[in-house]
Amino acid sequence: MILDLDMRKPKIHLGFNVENNRGISTLLIGKDSTEDCIIKSSLENLDFITAGPIPPNPSELIISAKMDQLIDYLKTKYDIIIIDTPPVGIVSDGIPIIKKADYPLYILRANYSRKMFINNVNKLIDESKVQKLSLILNGVDLSKLKYGYGYNYSYGYGYGYGYGYGYGYYEEDLKEPTALDKIKGLFFRSKKSSS
């Protein structure tokens, strides 16, 4: 199950090429039921809930008791729940959810994300008390990395927040793989490793 909690700039529906006329926002205000909002993807055993129409109060909805009830309910139906939160480097909406996650992930994009957002990792751990935070660096150009004696190391110092598929907070026109493309890649890699 994938939940799109970025109700300010929702993108999950674009990756799956579906409408965003109902979802987390309409579910949390009681307009739609959970079952009405669950969408089955083209991938086996992968369902998702879009963000829904942009509400005037996304922060309040995310920290509501209804959000906790939704997650508790979904845990009875799904083995894994992936929650796409708003970027914590820009807004703090996602922090309460990140603190409750079993495996919180902070994603950075090499040579794209802003340097100042690397400080958010320390803030999430020290100030927000996020436990077991893992850092993912994507978009690294491996051809530029040189190892061995006498080579210059080139790691790219442009870190901050970014999904790697043109999230939209800084530049809207990047052409990158969609969320669905990335999920398919993870799915097929895990199938190969298990066979």
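The values are calculated or read from the model by the stated rules, or taken from the named source; none is laboratory data. In this text, all values refer to a predicted model and were calculated from it rather than measured experimentally. Reconstructed Cβ throughout: ideal geometry from the backbone, glycine too, with neighbour counts over all protein chains shown.
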Query raised in the report: If you go through the stretch 64-78 one residue at a time, do you hit one that is of a type in the set (Gly, Ala, Ser) and closer than 30 Å to Lys129 by Cβ?
Result: yes
**Report entry** the stretch 45-57 residues that are of a type in the set (Ser, Thr, Tyr), paired with ones that are crowded, with 17+ Cβ neighbours inside 10 Å and in a strand (DSSP E or B) (beta carbon under 6 Å, 6 or more apart)
**Finding:** Thr50/Asp4
Query raised in the report: Is one or more of the residues making up the stretch 76-88 closer than 30 Å to Gly30 by Cβ, in contact with an Asp or Glu (Cβ under 8 Å, 6 or more places away or on another chain) and charged (D, E, K, R)?
Result: yes
Report summary line: Output for Cβ contacts, cut-off 6 Å, separation at least six or different chains, first residue under 17 Å from Pro86 (Cα atoms) in the stretch 58-75, second in a helix (DSSP H, G or I) and polar (S, T, N, Q), reads none
Requested in this report: Just need a number here: residues in the stretch 43-85 that are within 24 Å of Asn120 (Cα to Cα) and touching a Phe, Trp or Tyr at 6+ places or on another chain (Cβ under 9 Å).
Outcome: 2
Query raised in the report: Only one of these conditions is not met by Lys40: (1) in contact with an Asp or Glu (Cβ under 9 Å, 6 or more places away or on another chain); (2) surrounded by 14 or more Cβ atoms within 10 Å (Cβ to Cβ). Which number is it?
Result: (2)
Query raised in the report: Of the residues that sit in the stretch 2-38 and are free of Cβ contacts under 8 Å to residues at least 24 places away in the same chain and part of a helix (DSSP H, G or I), which one is nearest to Pro58 (Cα to Cα)?
Result: Cys37
Query raised in the report: Taking the stated definitions as given, is Tyr103 without any contact (Cβ under 8 Å) to a residue 40 or more places away in the chain, surrounded by fewer than 18 Cβ atoms within 10 Å (Cβ to Cβ) and under 17 Å from the mean Cα position of the chain (by Cα)?
Result: yes
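Do we have Lys129 as among the charged types (D, E, K, R), exposed (fewer than 15 other Cβ atoms within 10 Å of the Cβ) and at pLDDT below 75 here? Working first, answer last.
On the way: among the charged types (D, E, K, R): yes; exposed (fewer than 15 other Cβ atoms within 10 Å of the Cβ): yes; at pLDDT below 75: no.
Considered against the rule, which asks whether it is among the charged types (D, E, K, R), exposed (fewer than 15 other Cβ atoms within 10 Å of the Cβ) and at pLDDT below 75, Lys129 comes out as no.
Residues of the stretch 44-60 being in a helix (DSSP H, G or I) and surrounded by 13 or more Cβ atoms within 10 Å (Cβ to Cβ), which ones? So that I can check it myself, show each step before the final result.
Of the stretch 44-60, the ones in a helix (DSSP H, G or I) are 58-60.
Within the stretch 44-60, Pro58, Ser59 meet the criteria.
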Requested in this report: For residues that are surrounded by 19 or more Cβ atoms within 10 Å (Cβ to Cβ) and either assigned to a strand (DSSP E or B) or free of Cβ contacts under 8 Å to residues at least 24 places away in the same chain (or both), tally how many sit in the stretch 106-126.
Outcome: 3
Query raised in the report: In the stretch 69-97, which residue that is within 18 Å of the chain's Cα centre (by Cα) and of a type in the set (Asp, Glu) is modelled with the lowest pLDDT?
Result: Asp93
